[in-house]
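The values are calculated or read from the model by the stated rules, or taken from the named source; none is laboratory data. Every value quoted in this text rests on a predicted model; they were computed, and no experiment measured them. Glycine gets a Cβ as well: all are built from the backbone with ideal geometry, and neighbour counts include every protein chain shown.
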């Protein structure tokens, strides 16, 4: 009986749909070369394909009728073919040419609805960092790749999306980090490992701004960062990247604490991928070593990643991903004094931290028909912290196990339903916070209704039960509604209201530790923090090479978890702030226009972003800590033939409130970076200077960011 049901599910599409087939080949419009790895999607269905080593693709079992096809690829302008008529039992052949572009104007994203859609059709505010941008920045980790993304600001290694996190001493990020849609935070501390994979592996990074718990669950309080990794290359490709940096002398000669010539870093990455028939694989190795620019700034980091997939004849796809990283680094807590900002107290010179992390997931996608598919996922993350703060920390491995079942269903061409249930179990133990376990179970559903060709209404709801084993129970509800209206082909209006939540991490609730001159005190009664995010935005194309995006946002928070400092008693404790609010406006413009100068192709590009925020806790009407009120970036570049010059500027206004030294003078952040690259055959040679003007800036007390740094690198492929 069971076997008969399974056979019926496999042949069901052929029984109830009239099927057609699309075959095509994709070329570069300028060079005429075939393009492998381009994505082709039949809109209004779950059908799609990726072009092979010859730029060819085949999409089978497409319902007959008139369809629209969207073709996209990193580094090229997306193209949509409308009114492609497909007839049952027949094959339609297409020839498609894509135009290169230095700026991706309308990328395909997943984070808005857990299904593929264009950025212009999303009801929420999103930003995308492409693999092309990451290569141009010569980033050494995910954090560096995100530094100039609109609305993103880092305080230390903690990410803020529109001011959501502030700084909580490494614990309790209010942003959810995903790897291919799978949560990857440390189960006990909630920390992110920005070095978990080589930048060569990244296809694109999506940044969802505002609460995202309706689809993504716990920790998506202030936003979501989804790192999407590359699939196997159809042709077989070996990629490598080598980069190095040399730190300059400090701004003041009195600050010199060692020979500046010995202060440097190196990063080496290599990645190979190939698809053979239905099986594809990618293996990557990476190493980062630095002396640091401060005492205890030294680090050694290694990572190994592997991604393998099998594509079955019925369109099903099975993917396995594994990543291992090892980090051994000094632990710089605060400087020795304002006259010795790069040194630490001699009593703390043994402070080192080592961490090794194993992250794995497996996914199975089963398309039962062009309009119905199931996605199954299981994941596991193991994090082990070693010696820390100069004493044996007796950390045991922290474990996080997750599972998810998701169904995508198109009951009608104007409706797309996404529904599923997610389970997550986290456990951690150490002498500093004991042995604790917690889990949540969350069913969710979302429907996107295409009321007209240019009008989409999205509604969704999620319920989560959070259980701290032997302790707190919490019921959390996360509804969302969104609308996207395109009154004209060049205008996209959006509005959304959605909620988010984050249960306190094990370390926030239970950590008891004396460090430096402070004692961290446990607070087992911490409540889960929740939020509502309201967003209204417009995306306007001035022409095909220039667009402008403006958003108004209001993020409301309840029981916001922040570190409370009692300077008199020398104590730190995580506590709930009953009410807080962050309101603001964000604007972004992207421009690129190919020109011709003396028979040389000239391609200038420009991106300007600004996010202005008014933030405060509402009990005492005071600003939230470690959050600037204005952040902005400028990215300007010009390519002349094989030479490209880029200039980046990052700005953050002076932080109004901090925790430890509130009376100390603070300054805004003003960083200029410049890079020059030269492309020769399949190699790219890069030179750059970071913090060009040798600007001294401390994002949190007693921690200066790096001085001027000279960089060099080479990237290539075989």
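If you check residue 221 against the conditions, is it over 12 Å from the mean Cα position of the chain (by Cα), at pLDDT below 95, in the same structural domain as residue 440 (by TED's automatic domain parsing) and assigned to a helix (DSSP H, G or I)? So residue 221 does not fit the description; no. Taking region 432-482 and the strands (runs of 3 or more DSSP E) fully enclosed by it, the elements with 3 or more residues that are in contact with a helix residue (DSSP H, G or I) (Cβ under 9 Å, 6 or more places away or on another chain) and under 18 Å from residue 211 (Cα atoms) are at 434-452, 455-468.
Residue-wise test of (1) part of a strand (DSSP E or B); (2) buried (at least 19 other Cβ atoms within 10 Å of the Cβ); (3) assigned by TED's automatic domain parsing to the domain that holds residue 244; (4) modelled with pLDDT of 95 or more.
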residue: 609; (1), (2), (3), (4): yes, yes, yes, yes
residue: 612; (1), (2), (3), (4): yes, no, yes, yes
residue: 615; (1), (2), (3), (4): yes, yes, yes, yes
residue: 620; (1), (2), (3), (4): no, no, yes, no
residue: 636; (1), (2), (3), (4): yes, no, yes, yes
residue: 675; (1), (2), (3), (4): yes, yes, yes, yes
residue: 686; (1), (2), (3), (4): yes, yes, yes, yes
residue: 693; (1), (2), (3), (4): no, no, yes, yes
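Scanning region 652-673 for residues that are crowded, with 18+ Cβ neighbours inside 10 Å, within 21 Å of residue 624 (Cα to Cα) and touching a strand residue (DSSP E or B) at 6+ places or on another chain (Cβ under 6 Å) yields 652, 659, 669. Filtering region 313-330 to residues that are assigned to a loop (DSSP other than H, G, I, E, B), out of contact with any helix residue (DSSP H, G or I) (no Cβ under 7 Å at 6 or more places or on another chain) and surrounded by fewer than 19 Cβ atoms within 10 Å (Cβ to Cβ) leaves 313, 316. Among the residues of region 578-593, the ones that are over 27 Å from the mean Cα position of the chain (by Cα) and either at pLDDT 90 or above or buried (at least 16 other Cβ atoms within 10 Å of the Cβ) (or both) come to 2 in all.
Would you pick out the residues in region 698-717 that are in a loop (DSSP other than H, G, I, E, B) and under 25 Å from the mean Cα position of the chain (by Cα)? Of everything in region 698-717, those that are in a loop (DSSP other than H, G, I, E, B) and under 25 Å from the mean Cα position of the chain (by Cα) turn out to be 698, 699, 705, 706.
Going through 181, 170 one at a time, which residue ends up being free of Cβ contacts under 8 Å to residues at least 40 places away in the same chain and surrounded by fewer than 23 Cβ atoms within 10 Å (Cβ to Cβ)? Even if it seems obvious, please write down each step before you answer.
Values: 181 fails: free of Cβ contacts under 8 Å to residues at least 40 places away in the same chain.
One residue alone meets the criteria, 170.
Checked against (1) over 30 Å from residue 429 (Cα atoms); (2) touching a strand residue (DSSP E or B) at 6+ places or on another chain (Cβ under 8 Å); (3) in a helix (DSSP H, G or I), residue 215 passes all but condition (1). Within region 642-654, residues that are at pLDDT below 95 sit with their Cβ atoms under 7 Å from residues that are assigned to a strand (DSSP E or B), at 6+ positions apart or across chains, in these pairs: 642/678; 642/679; 642/680. Counting the residues of region 594-616 that are closer than 24 Å to residue 535 by Cβ and within 23 Å of the chain's Cα centre (by Cα) gives 7. The set of residues in region 263-281 being buried (at least 21 other Cβ atoms within 10 Å of the Cβ), farther than 15 Å from residue 244 by Cα and either in contact with a helix residue (DSSP H, G or I) (Cβ under 7 Å, 6 or more places away or on another chain) or free of Cβ contacts under 8 Å to residues at least 12 places away in the same chain (or both) consists of 271 alone. Pick from region 291-307 the residues that are in a strand (DSSP E or B) and free of Cβ contacts under 8 Å to residues at least 40 places away in the same chain: which of them is surrounded by the most Cβ atoms within 10 Å (Cβ to Cβ)? Among those that are in a strand (DSSP E or B) and free of Cβ contacts under 8 Å to residues at least 40 places away in the same chain, it is 299. Within region 336-358, residues that are assigned by TED's automatic domain parsing to the domain that holds residue 292 have Cβ atoms under 8 Å from residues that are part of a helix (DSSP H, G or I) and at pLDDT 90 or above in these pairs: 339/254; 339/255; 340/255; 341/255; 342/255, counting only partners at least 6 apart in sequence or on another chain. Restricting region 590-607 to residues that are free of Cβ contacts under 8 Å to residues at least 12 places away in the same chain and assigned to a strand (DSSP E or B), the residue that is farthest from residue 661 (Cα to Cα) is 596. The criterion of being assigned to a strand (DSSP E or B) and free of Cβ contacts under 8 Å to residues at least 24 places away in the same chain does not hold for residue 533.
For (1) crowded, with 16+ Cβ neighbours inside 10 Å; (2) at pLDDT 90 or above; (3) farther than 30 Å from residue 607 by Cβ; (4) touching a strand residue (DSSP E or B) at 6+ places or on another chain (Cβ under 8 Å), each residue gets a yes or a no:
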{"site": "516", "(1), (2), (3), (4)": "no, no, yes, no"}
{"site": "523", "(1), (2), (3), (4)": "yes, yes, yes, yes"}
{"site": "530", "(1), (2), (3), (4)": "yes, yes, yes, yes"}
{"site": "533", "(1), (2), (3), (4)": "yes, yes, no, yes"}
{"site": "552", "(1), (2), (3), (4)": "no, yes, no, yes"}
{"site": "557", "(1), (2), (3), (4)": "yes, yes, no, yes"}
{"site": "560", "(1), (2), (3), (4)": "yes, yes, yes, yes"}
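Within the set 285, 364, 296, the sole residue that is out of contact with any helix residue (DSSP H, G or I) (no Cβ under 7 Å at 6 or more places or on another chain), assigned by TED's automatic domain parsing to the domain that holds residue 385 and closer than 30 Å to residue 407 by Cβ turns out to be 364.
Before we move on, is residue 226 over 30 Å from residue 57 (Cβ atoms) and either touching a strand residue (DSSP E or B) at 6+ places or on another chain (Cβ under 8 Å) or not in a strand (DSSP E or B) (or both)?
no
Considering only residues in region 23-40 that are buried (at least 21 other Cβ atoms within 10 Å of the Cβ) and modelled with pLDDT of 90 or more, the one that is nearest to residue 85 (Cα to Cα) turns out to be 24.
The residue of region 543-574 that is nearest to residue 121 (Cα to Cα), among those that are more than 28 Å from the chain's Cα centre (by Cα) and in a strand (DSSP E or B), is 543.
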